[in-house]
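Enquirer: If you scroll down you'll find the structure; I have some questions about it.
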Amino acid sequence: MSKNDFFTYQAQTSPHPLALEVSRAKGSYIYDQDGNAHLDFVAGVSACSLGHCHPKVVDAIKTQVDEYMHVMVYGEYVQKPAVEFSKLLASHLPSNLNTTYLVNSGTEAMEGAIKLARRHTSRSQVIAAKNAYHGNTMGSLSLMGLEERKSAFRPLIPDVRSIQFNAEEEIENITKKTAAVVLETIQGGAGFIVPENGYLEKVRKRCDEVGALLILDEIQPGFGRTGKLFAFEHFNCPPDILVIGKGMASGLPVGAFVASHELMADLKENPKFGHITTFGGNPVIAAASLATLREITETDLIPQTLEKEKLFRELLRHPLIKEIRGKGLMLAPIMESKKVTDYLILEAAKKGLILFWLLFEPKAVRISPPLTISMKEIEKGCDQILSILNSYKSGTVN
Ligand SMILES: Cc1ncc(COP(=O)(O)O)c(C=O)c1O
């Protein structure tokens with residue numbers, strides 16, 4: 001295999017992929033074909049919550065592979081890993097979030113959540129936030145809060161309106177016509193924007209007043225990344241439907257939406273099979289999810305994210321860093337300019353530190369390492385960041 005084959009035979013998503021040639025990955029490091037170690041401050045875009053190839057996750061996968069893999073479409077057979085995961089998850093959630101529908105990706109979970117909200121309320125309008133990112137299938141794409149990324153794919157699903165995240169005065173746009181309000185608990189692609197001044201609580205209250213469902217997308221902040229198992233716990237704002245994925249299986253493809261038993265029952269009648277999937281709840285992935293959830297909830301990883309955030313914030317002080325947005329291990333230093341951001345990310349890639357961009361905020365640098373990253377690894381990576389920034393000269397072209 002050559003790098004050329006990657007460009008020739010694999011569909012590309014952008015003109016300039018980083019194209020690191022991976023040989024293996026372990027803990028906080030990815031190793032390339034030449035044996036160089038790359039310290040991973042991105043964790044597969046918040047997906048490898050327990051780092052690469054965590055032994056407990058690998059063991060759970062191997063054990064399950066030896067027993068059985070795919071046996072039937074979702075929802076027909078009783079498969080222990082999926083049942084145990086759903087039960088354990090419910091034990092960590094508010095009582096209205098007791099029933100889980102397992103799917104294959106974050107965007108598919110969002111599709112299921114939108115369908116459930118429409119089916120339950122018999123309303124069609126969905127309200128999402130400007131600069132929101134909920135995935136790339138047609139329904140989730142319809143909610144994307146950036147027209148230039150979606151106009152080429154219109155017509156999308158109708159009756160979608162947008163409001164500004166954190167703008168209290170726009171909450172009144174949620175009305176009795178609204179089936180659901182969909183928000184990321186902490187906005188990701190927009191630049192790791194944390195809700196302020198009781199914003200989510202106010203949205204929750206308005207939804208209750210008009211009978212709209214609140215769907216919170218925790219695909220990125222979920223599973224311990226922000227110092228709680230789910231970020232809504234910081235804001236006293238339990239959703240009607242919780243949408244999860246990414247870090248849930250610590251590196252395998254996964255998604256789920258979670259709601260009350262009553263609400264979820266709407267997908268089984270009128271019409272029956274209201275949402276179906278072949279591979280959702282796949283036992284190997286569910287076993288990895290169960291091992292991940294156990295590890296995250298039975299260790300100190302969650303409180304440690306806040307200690308680690310503190311260290312990042314103490315270390316990442318530099319005149320070219322204007323602020324650091326986000327919470328826990330979902331942090332976005334905002335650079336003086338897009339040029340600095342590009343320089344830092346590309347130079348870091350050459351020096352064995354993995355950083356990445358955010359979708360809609362060109363000055364932001366993504367820092368979303370594995371929750372298992374050590375203090376020493378944080379120090380090492382931050383040293384590299386500072387030395388790269390020190391080497392930046394305005395006008396530098398990469
Ligand atoms: C907040 C949020 N929602 C939804 C998604 C879509 O998840 P997936 O890529 O698994 O479909 C993502 C992925 O980046 C995300 O960050």
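The values are calculated or read from the model by the stated rules, or taken from the named source; none is laboratory data. Keep in mind it's a predicted model, so treat the numbers as computed, not measured. Here the Cβ positions follow ideal geometry from the backbone for every residue, glycine too, while neighbour counts run over all protein chains shown. Accessible surface areas use protein heavy atoms only, side chains included; no ligands, DNA or RNA. Shrake-Rupley method; radii C 1.70, N 1.55, O 1.52, S 1.80 Å.
Enquirer: Go through (1) within 30 Å of His70 (Cα to Cα); (2) open to solvent by less than 60 Å² (accessible area, probe 1.4 Å) one by one and return the number of the condition Val340 breaks.
Expert: (1)
Enquirer: Run down Gln220, Gln164 and say which single residue is within 11 Å of the ligand (Cβ to nearest atom) and open to solvent by 10 Å² or more (accessible area, probe 1.4 Å).
Expert: Only one candidate qualifies: Gln220.
Enquirer: Condition (residue is touching a helix residue (DSSP H, G or I) at 6+ places or on another chain (Cβ under 7 Å), modelled with pLDDT of 95 or more, within 16 Å of the ligand (Cβ to nearest atom) and basic (Lys, Arg)) applied to the stretch 225-236: is it met by at least one residue?
Expert: Among the residues of the stretch 225-236, at least one is touching a helix residue (DSSP H, G or I) at 6+ places or on another chain (Cβ under 7 Å), modelled with pLDDT of 95 or more, within 16 Å of the ligand (Cβ to nearest atom) and basic (Lys, Arg), which makes the answer yes.
Enquirer: Which number in (1) away from the ligand (no atom under 16 Å from the Cβ); (2) crowded, with 19+ Cβ neighbours inside 10 Å; (3) not in a strand (DSSP E or B) marks the one condition that Met144 misses?
Expert: (1)
Enquirer: Are there any helices (runs of 4 or more DSSP H) wholly within the stretch 36-105 with 2 or more residues that are open to solvent by 70 Å² or more (accessible area, probe 1.4 Å), and if so which?
Expert: On the way: elements: 43-46, 55-67, 80-91.
Passing ranges, in order: 55-67, 80-91.
Enquirer: Here's something else I'd like to know. Given Ile345, Ile321, which one is among the aliphatic types (A, V, I, L, M) and farther than 26 Å from Gly135 by Cβ?
Expert: Answer to the selection: Ile321.
Enquirer: Residues in the stretch 385-398: is at least one of a type in the set (Ser, Thr, Tyr), under 24 Å from the mean Cα position of the chain (by Cα) and surrounded by 15 or more Cβ atoms within 10 Å (Cβ to Cβ)?
Expert: No.
Enquirer: Which one of these does Pro369 not meet: (1) more than 25 Å from Ala249 (Cα to Cα); (2) not in a helix (DSSP H, G or I)?
Expert: Unmet condition: (1).
Enquirer: Okay, moving on. Do you know which of the residues in the stretch 321-337 that are over 24 Å from Ser49 (Cα atoms) and part of a strand (DSSP E or B) is least open to solvent (accessible area, probe 1.4 Å)?
Expert: The selected residue is Met335.
Enquirer: Okay, next question. Kindly indicate whether Glu233 is over 14 Å from the mean Cα position of the chain (by Cα), outside any strand (DSSP E or B) and over 22 Å from Ser368 (Cβ atoms).
Expert: When the stated conditions are applied, Glu233 does not pass them.
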